[in-house]
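Following this message is one structure expressed as structure tokens.
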Amino acid sequence: MELYQELTRDVRFIEGLKSCMNCGICTAICPAAEFYDYDPRIIAAIVQSKDEERIEELLKCDTIWYCGECMSCKTRCPRGNTTGLIIMALRSLSQELGYFTESEKGRQQLAIKRVIGENIVYRGYCVLPENLVPEMHPEQGPVGQWIYENRDEVYERVGANYKGDGEGALRKIPQEAMDEIYRIFEVTGGFGRFDKIEHFSKIKAESMGFTEDGDDYSDYIKYINTNNNGKHTRQ
Amino acid sequence: MNKEGKIQVWQDYQKEIADDRYFYVRSCIRQNFFPGAEQTFLKILRSELGKDIYENPHHTTCSGIGYHSDIVPFDTIQTIVARQFALMTEAGYQNLAVSCITSFGIYNEIIETWKEHPAELEKVRNYLKSATGRKFEIPQNVAHAGDIIYKFRENIAARKKFSLINQQTGKPLKFVEHIGCHYSKMFPSKGVGGAEFPYVLVGMIESWGGEVIDYPERRHCCGFGFRQYLVMSNRGYSVSNSRKKFESMEPYKPDAIVSNCPGCPMFMDRWQYVIEEMEGKTYGENGQGIPVLTYEELAGLVLGYNPWDMGMQMHQTNVEPLLNKMGIPYNPDLKYATKEGRQIGKPTMVSCGC
């Protein structure tokens, strides 16, 4: 497979890479570049070079997972490039080929799929109050914990329709609507993406000594959610 | 750039905002963290402004957080968005009112993709028909819900019960306005005032009596970064970017922060708590935090709505310093109460929340 050719099949890549002159303004404005050892200018330079070996390295490394997709790069680029869109095409291809499991940050895709992906398909929301377990979300603070522990009453107090029928915030989305979302995932390749994330993650988990062990690799999920080798940020 | 120059720039970025008959699509993040803000928006439109705004219970997430954390393919999100448009078309509406900033960016991205790449539109029409049997029209007008409040800001001002004036000093309150990145950084022409000088929140604040602070990191991202917050071990990215903003705005002594995005105010509210826990640093007056509001909450306060009805007890950083300055009465005993007024415990606060 020619990786560059594969990238050009993604309209986001076509829109994201016009012609980069390597001025670096994207790096200057980039929130990820301030925090991580990350330089979006180099991403654009590598894909523009069409160097297959370097593109393959990108698809397998942590670097492409540092972007926050805020798209600040789009506003400032004098040539109309959007490194954030290039990143989205690279991440899609990395998952398609299973290369995402080769990096610590890439492996995190399984944790995101298991929560956000399954919320979308089975509940019709990206995020749910039940997800905000205080042990996993200490940043939500005492108020977050109070909301979590009293969520039925708190949401009722502020006018939400939590798990209720009809309209309103956090309502239960009717089953007919959820059936349509499920079919959209079947028809458009959404489940194909999910299956690849699960398949390649399982191979990686087992190669790292984790086992399915009746709990669907929960130890592996915990590991990828919390592990940080400390080598990602600018020193 | 001087003020006249800025005015000239933002005048180049005026957008059309429909004035009635909206099809409302909710935000995943706003429903979780600021559900009362969405209810406030609907109340303002229906009860104060007499507008027709319709919500179909069958609409769903746009899947945007999944898309921007790269687990949802572009074909899938395009078709989910097309389904939302189909519900709008079937209900006889043409104007989309979008609660979420990420969704607003996605609707614009997809509509622009269909203009530039018509084959994508045909593909999505086929996908949607095959999956659901539905057909759709592209909305004639896509407005963020904040755009609509901006459009009617003077109508709200005419009905106001409270101004953005410090009742003790008589001076305008000073606001940091924070625009969610996906509002206009991708498509500047889709936002009021463009990406560099967005006017949507400035217009509201000034119409209601307040002043806006211009500070160096005004346009910097709050640090959500999708996967950079969703995955526990990545959250240093998120808090570091918010911290950069707090450090930059601190010398200007803001009375409050207001945002048009659902996620940004949650992060800027929660990260103040985390920074105090980690470093002992607070950014507001007297060791307190800077209250962080959604624009719906700000409009509701101006209109005299009860802050606890609007869900402002769900903020980690206390809003009382702002309520006190505006002279808004509130009952502290009912802050953490149920609908019936029964106490359901009280969160343990650090000084940021006192």
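As an exercise, use a Förster radius of 22 Å and the Cβ-Cβ distance of B:Asn126 and A:Asp179 to find the FRET efficiency, rounded to the nearest 0.05.
0.70
Of all DSSP beta bridges in chain B, what percent run antiparallel (nearest 5)?
That works out to approximately 10 percent antiparallel.
Let me ask something else. How would you rank B:300-310, B:63-73, A:174-184, B:224-234, highest first, on the average number of other Cβ atoms within 10 Å across their residues?
B:63-73, B:224-234, B:300-310, A:174-184
Let me ask another. Calculate the mean, over all residues of peptide B:336-349, of how many other protein chain Cβ atoms lie within 10 angstrom of the residue's Cβ.
Across B:336-349, the average partner-chain Cβ count within 10 Å equals 4.
A further question on this structure: Looking at this model, which pairs from A:Lys113/B:Lys244; B:Lys43/B:Lys253; B:Lys43/B:Lys335; A:Lys74/A:Lys204; A:Lys50/A:Lys204; A:Lys105/B:Lys123 are more than 25 angstrom apart at the alpha-carbon?
A:Lys113/B:Lys244; B:Lys43/B:Lys253; A:Lys74/A:Lys204; A:Lys50/A:Lys204; A:Lys105/B:Lys123
Less than 18 Å apart at the alpha-carbon level, and either on another chain or at least 8 residues along: which aspartates and glutamates does that give for B:Lys174?
Leaving aside aspartates and glutamates fewer than 8 places away in the same chain, those within reach of B:Lys174 are B:Glu206, B:Glu211, B:Asp214, B:Glu217, B:Glu247, B:Glu250, B:Asp255, B:Asp269, B:Glu285, B:Glu296, B:Glu297, B:Glu320.
Mind sorting A:Asp215, A:Asp37 by how few other Cβ atoms lie within 10 Å of their own Cβ, fewest first?
A:Asp215, A:Asp37
Quick one: which residues, 5+ away or cross-chain, put their amide H under 5 Å from the amide H of B:Leu293? H built at 1.01 Å from N.
Amide H to amide H, under 5 Å and 5 or more residues apart or across chains, B:Leu293 pairs with B:Ile257, B:Val258, B:Ser259.
Taking other Cβ within 10 Å of each residue's Cβ, how do B:Leu293, B:Leu334, B:Leu87, A:Leu90 sort, fewest first?
Ordered from fewest to most neighbouring Cβ atoms within 10 Å, B:Leu293, B:Leu334, B:Leu87, A:Leu90 come out as B:Leu334, B:Leu87, B:Leu293, A:Leu90.
Additional query: Pick out, from B:Pro35, B:Pro291, B:Leu322, the residue whose Cα sits farthest towards the positive end of the charge dipole of chain B, with +1 on the Cβ of Lys and Arg and -1 on the Cβ of Asp and Glu.
After comparing all options, I get B:Pro35.
In whole Hz, what ³J(HN,Hα) sequence does region B:186-196 give by Karplus (6.51, -1.76, 1.60; θ = phi - 60°), x for Gly and Pro?
Karplus values, whole Hz, x for Gly and Pro: 6, 10, x, 6, 8, x, 5, x, x, 8, 7.
Here is a further query. With a/c under 1.5 counting as rounded, go ahead and sort the protein assembly as shown into rounded, prolate or oblate using the C-alpha gyration tensor (a ≥ b ≥ c being the square roots of the eigenvalues; past the cut-off, prolate if a/b is larger than b/c, else oblate).
Here the protein assembly as shown falls in the rounded category.
Sticking with this one: Order by neighbour count: B:His182, B:His144, fewest other Cβ atoms within 10 Å first, most last.
Ordered by Cβ neighbours within 10 Å, fewest first: B:His182, B:His144.
Could you pull the Rg and Dmax for chain A, using just the Cα atoms, both in Å?
Answer for chain A, Rg first and Dmax second: 20.2, 58 Å.
Give a residue-ordered list of calculated ³J(HN,Hα) values for region B:286-296 (Karplus: 6.51 cos²θ - 1.76 cosθ + 1.60, θ = phi - 60°; whole Hz; x for Gly, Pro).
6, x, 9, x, 8, x, 10, 10, 7, 5, 5
Taking amide H positions as placed in the peptide plane 1.01 Å from N, state which residues far from B:His144 in sequence (5 or more) or on other chains have amide H under 5 Å from it.
B:Val98
Report the extension gain between B:Ser248 and B:Asp52 in nm, rounded to one decimal, defined as 0.36 nm multiplied by the number of residues separating them, less their alpha carbon distance.
Net length gain for the segment: 66.4 nm.
Report, by chain and number, residues whose modeled amide H sits under 5 Å from the one on B:Lys51, excluding near sequence neighbours (fewer than 5 apart, same chain).
Correct list: B:Arg46.
Ok, one more. What average count of beta carbons from other chains do you get within 10 Å of the Cβ of residues in A:32-41?
Mean shielding by partner chains, rounded to a whole number: 3.
For chain B, what is the convex hull volume of its Cα atoms per residue in Å³?
So the per-residue Cα hull volume is 146 Å³.
Inside 10 Å of the C-beta atoms of B:188-195, what's the mean count of C-beta atoms belonging to other chains?
Partner-chain Cβ atoms within 10 Å, mean over residues of B:188-195: 1.
Throughout, read-outs are computed from the coordinates displayed, never taken from laboratory work. In this text the structure is predicted, and so the values were computed from the model without any measurement. Methodologically, a virtual Cβ is constructed for each residue, glycine included, from the backbone with ideal geometry; neighbour enumeration extends over all protein chains shown.
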